[in-house]
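Working notes, beginning with the structure itself.
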Amino acid sequence: MKLRERIARLIAAQGPISVAQFMTMALHDPESGVYASREAIGAAGDFITAPEVSQIFGELLGLWAAQCWLDQGRPTRAHLVELGPGRGTLMADALRAAKIVPEFLDAIEVVLIESSPVLRKVQQEKLSTNVRWLDRFHESLNDRPIFLIANEFFDALPVRQYVHTAKGWCERMVTVDSDGKLGFALAPFPQAGLSIPHGRGEPEDGAMFETSPASTALAEEIAHVIARHGGAALIVDYGYAGAGFGETLQAIAAHRTAGVLDKPGEADLSAHVDFAALAEVAASAGAVAHGPVDQCALLKALGIEARAQSLQRTNPNDADSIASGVTRLCETMGTLFKALAITPQHAPKPPGF
Ligand code: SAH
């Protein structure tokens, strides 16, 4: 049975589901979910990510982690963690670049957090040595410094949506009509205990508030490990840090936008990351948040231009594609994508912030 039909049956049997539950099923259903069942990333998939655009992206992020490790006194045992490594490209580029700091490579154990068996296999082929996989961020990582990278991971975590009405903020639900078609409907009662961050302004009727409890819970866990044992996290994603209301959840299938409910399991679903919310939970967990800064500013500060020139010198035949990769990372994606870093208190500022 198609995933859309299974979702419709579930709703018919138990009542409307939240947008977050719909998103979880569409992305992770073991049979037909976007991530669980096929390769969504890359030129042939639904979307292309920064490490697939240019090897320089992963190289610079790997050196960022190694520099943070040096700045924090070279802890002898540490975890290098990546959340949602996709095709494994970023980590492969990061580890290759980090060879210039061999003591870092000796000190770290690489841990990849990946829920998709299909992508895990792709990663295993690319990264043969000394790598451990977990299907979620786990308490076992709370025993030593952690250097963590997450690119386009938080945008895939489920969001809940609330609409402002005369009664208050009512949750937007997914329901089904008598023909079995999926549609949106508002919960009949306002959500008790919902807290809207300060500084968003006065909502008009119909305004939408999006929030990702899965994202803030995870950021808090990571910040807690960093505050306690040391380390640094770099979260790169498209997102915002500030005022206003509005929907950012979107569906992309084969590089095109689709209706959010139209193609469960076929269209990739993602939402903009609320960096202010991540920074706030990081601080409340006792760590320090830096940024967000634009991806372009981060990559320039980390030396993207010098690295591109040196690659062009050694690979003159690829000079144009190297240049267009840099343009794409810095101009096309450069300000829509942002980076947030988390460090312990009293640690030096991480490079690029
Ligand atoms: N970072 C990669 C891939 C981004 S796509 C890149 O930049 O190319 C999102 C990745 O996160 C995929 O590998 C997906 O399988 C994984 N993922 C999504 N939700 C997850 C979850 N809840 N737990 C673990 N992995 C998840």
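Quick notes on this structure:
- Residue check for residue 172: in a strand (DSSP E or B), crowded, with 16+ Cβ neighbours inside 10 Å and basic (Lys, Arg): yes
- Count of the range 265-308 residues which are among the hydroxyl-bearing types (Ser, Thr, Tyr) and over 23 Å from residue 57 (Cα atoms): 1
- Scanning the range 290-325 for residues that are over 25 Å from residue 233 (Cβ atoms) and touching a Leu at 6+ places or on another chain (Cβ under 8 Å) yields 318, 322.
- Restricting the range 344-353 to residues that are surrounded by 14 or more Cβ atoms within 10 Å (Cβ to Cβ) and assigned to a loop (DSSP other than H, G, I, E, B), the residue that is farthest from the chain's Cα centre (by Cα) is 347.
- Pick from the range 119-141, criterion under 13 Å from residue 82 (Cα atoms) and not hydrophobic (A, V, I, L, M, F, W, C), ranking: farthest from the ligand (Cβ to nearest atom): 132
- Within the range 20-47, residues that are aromatic (Phe, Trp, Tyr) sit with their Cβ atoms under 6 Å from residues that are modelled with pLDDT of 90 or more and more than 12 Å from the ligand (Cβ to nearest atom), at 6+ positions apart or across chains, in these pairs: 22/174.
- Consider the range 142-171 and keep the residues that are touching a helix residue (DSSP H, G or I) at 6+ places or on another chain (Cβ under 8 Å) and among the polar types (S, T, N, Q). The one that is nearest to the ligand (Cβ to nearest atom) is 151.
- Residues of the range 152-198 classified as of a type in the set (S, T, N, Q) and free of Cβ contacts under 8 Å to residues at least 40 places away in the same chain, total: 3
- Within the range 223-245, residues that are surrounded by fewer than 20 Cβ atoms within 10 Å (Cβ to Cβ) have Cβ atoms under 7 Å from residues that are among the aromatic types (Phe, Trp, Tyr) in these pairs: 238/337; 240/275; 241/275; 245/209, counting only partners at least 6 apart in sequence or on another chain.
- Taken over the range 289-308, the residue count meeting the criterion of being surrounded by fewer than 18 Cβ atoms within 10 Å (Cβ to Cβ), over 30 Å from residue 227 (Cα atoms) and touching a helix residue (DSSP H, G or I) at 6+ places or on another chain (Cβ under 9 Å) is 1.
- Counted residues, the range 94-121 - those being surrounded by 21 or more Cβ atoms within 10 Å (Cβ to Cβ) and of a type in the set (S, T, N, Q): 1
- Within the set 85, 75, the sole residue that is within 16 Å of the ligand (Cβ to nearest atom) and either farther than 13 Å from residue 307 by Cβ or assigned to a loop (DSSP other than H, G, I, E, B) (or both) turns out to be 85.
- Count of the range 94-134 residues which are of a type in the set (Phe, Trp, Tyr) and part of a helix (DSSP H, G or I): 1
- Single residue of 116, 128 found to be under 26 Å from residue 237 (Cβ atoms), small (Gly, Ala, Ser), assigned by TED's automatic domain parsing to the domain that holds residue 86 and out of contact with any strand residue (DSSP E or B) (no Cβ under 9 Å at 6 or more places or on another chain): 116
- Tabulated pairs, the range 65-90, first among the basic types (Lys, Arg), second outside any helix (DSSP H, G or I), C-beta under 7 angstrom, 6+ apart or interchain: 77/144; 87/41; 87/42
The values are calculated or read from the model by the stated rules, or taken from the named source; none is laboratory data. Please read these numbers as outputs of a predicted model, since none were measured by experiment. No Cβ is skipped: glycine too gets one built from the backbone with ideal geometry, and neighbour counts run over all protein chains shown.
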